[in-house]
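*Asks:* Okay, here's the structure, questions in a sec.
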Amino acid sequence: MKVQQIKTSIVKFIDDEDGLTIVEYAVAGGLITVAVAAMFVLLGGAVNDRITALCAAVKGAAC
């Protein structure tokens with residue numbers, strides 16, 4: 001390869017932004033996953049309390 005071809009290849013690689021788009025999607029997906037997991041943790045106790053209250057209200061043996 002000639003020096004000019006190497007320089008052109010390097011400049012083309014630096015200017016290419018397709019890789020950044022993939023990284024941005026990965027970061028966004030990770031943030032959404034963390035948010036959903038946090039909501040499950042925060043709401044888990046409340047859902048359990050509601051189910052227990054419903055079982056007690058109908059006096060079911062499944063509680």
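The values are calculated or read from the model by the stated rules, or taken from the named source; none is laboratory data. None of these values were measured; they are calculated from a predicted model. Note: areas computed on protein heavy atoms with side chains; ligands, DNA, RNA excluded. Shrake-Rupley method; radii C 1.70, N 1.55, O 1.52, S 1.80 Å.
*Asks:* Look through 54, 42, 20, 31 and report the one residue that is at pLDDT below 85 and open to solvent by 100 Å² or more (accessible area, probe 1.4 Å).
*Replies:* Details: 54 fails: at pLDDT below 85; 42 fails: at pLDDT below 85; 31 fails: at pLDDT below 85.
On inspection, the qualifying residue turns out to be 20.
*Asks:* So, in the range 37-60, how many residues would count as being at negative phi and part of a loop (DSSP other than H, G, I, E, B)?
*Replies:* Counting residues in the range 37-60 that are at negative phi and part of a loop (DSSP other than H, G, I, E, B) gives 2.
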